[in-house]
Amino acid sequence: MTELEQYIKSYFGVVKQDELATIGSLFKSTTLHKGDYFLKTGQRCDKLSFIQSGLLRIFVSTENKEVTQWISTKGYFVTDISSLVFGGPSRWTIQTLTDATLYTINRTDYERIGELVPKWHELEKLFIVKCFTILEDRIFSHLSMTAEERYHFFFENNRELFNQVPLQYIASMLGMTPETFSRIRKKQIS
């Protein structure tokens, strides 16, 4: 069983081995180098990838700053789901922060999974619900936690990123200015 198949099984629960193999066979291994773009704002997203290794930043450039939406790490999927599903232009730019190895499925093969694996629509629904739940949790933390609480919670759950990712990206993702982030970080360290 490949790493991708293991992740799908752990993420979605009971999936037959032959269904896992069918889904896994549609994903192709790809490598991106640090600084490469997975997707740029305005392009149509035609792929979904599982991160085997590496870090990717999802962000948008506004008139006066970049806003980091998420930093994707090993064991997560990455795409612009709205663009992938609805076919419109991507709102997000996705760029590698390190060299990355991905398992990638193109849109055409993604759409074929339902024909090949009858249970796929149920699995896809669980995947989207899981994504939605993560989004709800992020919104709740932004509405209910102070900046210090968001920093502490993120730090406790993602310590390794603090040594791998430029801190201004983490600050942006947590909804803070770099100055606020730095002040909180100094306070936490001392």
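The values are calculated or read from the model by the stated rules, or taken from the named source; none is laboratory data. These numbers were taken from a predicted model, which means no experiment stands behind them. Methodologically, a virtual Cβ is constructed for each residue, glycine included, from the backbone with ideal geometry; neighbour enumeration extends over all protein chains shown.
The set of residues from the stretch 59-83 being crowded, with 20+ Cβ neighbours inside 10 Å and more than 12 Å from the chain's Cα centre (by Cα) comprises just one member, Ser83.
Determine whether Tyr169 is assigned by TED's automatic domain parsing to the domain that holds Ser10, within 16 Å of the chain's Cα centre (by Cα) and among the aromatic types (Phe, Trp, Tyr). Steps first, please.
Working: assigned by TED's automatic domain parsing to the domain that holds Ser10: no; within 16 Å of the chain's Cα centre (by Cα): yes; among the aromatic types (Phe, Trp, Tyr): yes.
In short, no.
Tell me yes or no: at least one residue of the stretch 115-131 is of a type in the set (Phe, Trp, Tyr) and loosely packed, with under 14 Cβ neighbours inside 10 Å. Among the residues of the stretch 115-131, not one is of a type in the set (Phe, Trp, Tyr) and loosely packed, with under 14 Cβ neighbours inside 10 Å, which makes the answer no. In the stretch 163-179, of all residues being out of contact with any Phe, Trp or Tyr (no Cβ under 9 Å at 6 or more places or on another chain) and not aliphatic (A, V, I, L, M), the one that is surrounded by the most Cβ atoms within 10 Å (Cβ to Cβ) corresponds to Gly175. Note on the stretch 7-23: among residues that are at pLDDT below 85 and either outside the structural domain of Ser49 (by TED's automatic domain parsing) or small (Gly, Ala, Ser) (or both), the one that is nearest to the chain's Cα centre (by Cα) is Ser10.
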